[in-house]
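The values are calculated or read from the model by the stated rules, or taken from the named source; none is laboratory data. Please read these numbers as outputs of a predicted model, since none were measured by experiment. When we count neighbours, we look across all protein chains shown, and the Cβ atoms used for this are built from the backbone with ideal geometry, even at glycine. We work out accessible area using only protein heavy atoms, side chains counted, and drop any ligands, DNA or RNA first. Shrake-Rupley method; radii C 1.70, N 1.55, O 1.52, S 1.80 Å.
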Amino acid sequence: MQNQKLYSIKEACQQTGLTYETLKYYCNTGLVPNVKRDTNNRRIFNDHDITWIKSLTCLKKCGMTIEEMKQYLAYCLQGTASIPVRKKVLEKKLSILEKKKEEIQESINYIDWKQTFYNDVLAGKRPYVSDLLAEYNAADTEDTAAK
């Protein structure tokens, strides 16, 4: 650890974007292995710890639970032999994220379409129609009455 920069928990939080409580929780639950302490028994982190903590943040954003992150860490601590298993774990999360991405893109497309429709109505480029209000669907109302 000589010549290596060490960070207080506050500095680690600033670098990783985690709150003090979250980082402390991650340390207490074993998600940050081999946590070092200074002479005053306060947690200190090196650059490797910071990189791993940033990885934890990403895994959390990927939808991993604390238990899944613990299992992933256990695989990582096994070394290269567990790489195929880790790849499968990440592939499963990627598949879920891709599906969510598609759903989000569909929502974005709908909002874009609706905004264009509203802009066109406000600019007088097209008439307003609504599936919810009968007075804006006069042709449908007449068709229904004729039936």
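For the pairs 88/114; 101/125; 61/88; 70/99; 5/92, note any where the Cα-Cα span goes beyond 29 Å. Among 88/114; 101/125; 61/88; 70/99; 5/92, the Cα-Cα distance tops 29 Å for 88/114; 101/125; 5/92.
Does anyone have the angle between helix 47-61 and the longest principal axis of the chain? Alpha-carbon axes, 0 to 90°, nearest 10? The angle comes out at about 30 degrees. Sites listed here are trypsin sites (Lys or Arg not before Pro) in the stretch 1-102 whose DSSP assignment is loop and whose Cβ has at most 15 other Cβ atoms within 10 Å: 5, 42. Using only Cα atoms, find the angle between the long axis of helix 83-122 and the longest principal axis of the chain, and express it within 0 to 90 degrees, rounded to the nearest 10. Helix 83-122 sits roughly 30 degrees off the main axis of the chain. Simple point charges give the picture: +1 on the Cβ of Lys and Arg, -1 on the Cβ of Asp and Glu, and for the chain a dipole about the Cα centre of about 1240 debye.
Estimated at 0.36 nm per residue, the fully extended path between residue 34 and residue 120 surpasses their Cα-Cα distance by 24.9 nm. Accessible surface calculations at 1.4 Å, restricted to protein heavy atoms, place the stretch 18-61 at 59 Å² per residue.
When only Cα pairs below 8 angstrom with a gap of at least 6 residues are kept, the chain shows a relative contact order of 15 percent. Adding -39500 (n - 2.57) for every DSSP H run of four residues or longer, then dividing by how many residues the chain holds, sets the calculated 222 nm ellipticity at -21000 deg cm²/dmol.
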